[in-house]
Amino acid sequence: MNHQSDPPLTLVVLISNQGSNLQAIIDAIANQEIHGKILAVVSNNPDAPGLDKAQKAGIATAVTERSGFATRKDFDHHLLQLVRAYDPGLVVLAGFMLILDDNFVNHFHGRLLNVHPSLLPKYPGLNTYGRVLDANDAVHGCSIHFVSSQLDGGPVVAQSEVPVRVNDSKDSLSARVQDAEHKLYPMVIGWFARGRLRCEHETITLDGKLLEKPRVIAFTDPAETVESG
Ligand code: GAR
């Protein structure tokens with residue numbers, strides 16, 4: 001495990017929109033819940049409100065748009081070079097809504113995390129809220145996973161469940177899931193920053209023990225966070 005005196009984990013965070021998870025990570029670093037430093041925030045969307053959040057926190061930003069490149073391959077190549085130039089210890093996908101190519105995923109293997117608004121392997125892809133409501137599921141949630149070349153694939157580290165209420169709309173449900181994301185993602189990044197969490201090939205270890213299934217974290221009340229699984 002790393003110690004307080006070790007250099008902070010260096011991060012590059014990729015976003016496309018609001019950046020509420022980015023803000024939660026910025027706050028967790030400020031509160032020393034994550035022993036880390038964000039080197040840069042990269043967005044594929046020049047209008048992403050998350051860019052303002054980064055700038056307010058004094059973090060460097062970079063924008064790279066798909067439309068600026070003749071082919072998707074050129075864009076993917078540029079994105080990899082851009083992020084690689086920072087030489088981050090961890091790449092954090094925080095609402096980055098483009099699929100990364102194999103070169104990117106392989107280059108950052110074991111140090112590329114994503115947050116997804118579902119209890120994976122249920123509901124990969126988009127519109128998880130609509131699909132959960134249509135299916136009348138009683139429970140929804142979020143997952144933090146290492147990224148593989150499969151869409152929303154790769155080994156899941158941790159999940160948090162939230163109840164689906166009778167009168168939920170997509171908005172009310174997403175607000176509840178995002179609340180959980182804002183706690184779960186910093187927690188997992190904090191584990192990684194402390195050297196507690198590792199991923200080699202498709203195998204995850206937490207505190208030196210093989211993690212055979214995702215750690216399930218219940219955020220009932222800040223004072224009584226319950227870990228199981
Ligand atoms: C988050 O809820 C995240 O789970 C989702 O995008 C949102 C971004 O919000 N990601 C995906 O759907 C990836 N498949 P934010 O920009 O406010 O952090």
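Where both bridge residues fall in segment 1-148, DSSP classifies roughly 20% of the beta bridges as antiparallel. Computed from the C-alpha gyration tensor, the three semi-axes of the ellipsoid equivalent to segment 1-81 are 27, 15, 8 Å, from longest to shortest. Membrane-span-like helices in the chain, defined purely by DSSP H runs whose alpha carbon atoms cover 27 Å or more axially and whose average Kyte-Doolittle hydropathy reaches -1.0, are 170-193. With the convex hull constructed from alpha-carbon coordinates only, segment 100-159 shows a mean projected area of 3.9 nm² over all directions.
With only Cα atoms counted, the chain has Rg and Dmax values of 17.0, 52 Å. Inverting the pair-averaged 1/r between distinct Cα atoms of segment 4-138 gives 15.9 Å as its Kirkwood hydrodynamic radius. All Cα-Cα separations within segment 10-51 were binned at 5 Å from zero, giving a P(r) of 7, 25, 30, 22, 11, 4, each value a whole percent of the pairs. Placing unit charges on each Cβ (+1 for Lys and Arg, -1 for Asp and Glu) gives the chain a dipole about its Cα centre, and among Val92, Val115, Tyr129 the Cα reaching farthest toward its positive end belongs to Val92.
Note on Lys37: aspartates and glutamates with a C-alpha under 12 Å away, same-chain residues under 8 apart excluded, are Asp27. Here the convex hull built on the C-alpha positions of segment 56-111 has a volume of 104 cubic angstrom per residue. With Cα atoms defining each centre, segment 62-86 and segment 160-205 are spaced 28 Å apart in the structure.
Starting from the alpha-carbon convex hull of segment 120-202, give the projected area averaged over all orientations, in nm².
In nm², the orientation-averaged hull projection of segment 120-202 is 5.6.
Distances between placed amide hydrogens fall under 5 Å for Asn44 paired with Ile15, Thr64, all partners being 5 or more residues away or on another chain. Packing around the peptides 164-171, 100-107, 62-69, taken as the average count of other Cβ atoms within 10 Å per residue, puts them in this order, highest first: 100-107, 62-69, 164-171.
All of the numbers you see were taken from the coordinates with simple rules; none came from a lab. Note that the structure is predicted; figures quoted are calculated from it, not measured. Don't worry about glycine lacking a Cβ; one is built from the backbone with ideal geometry, like all the others, and counts go over all protein chains shown.
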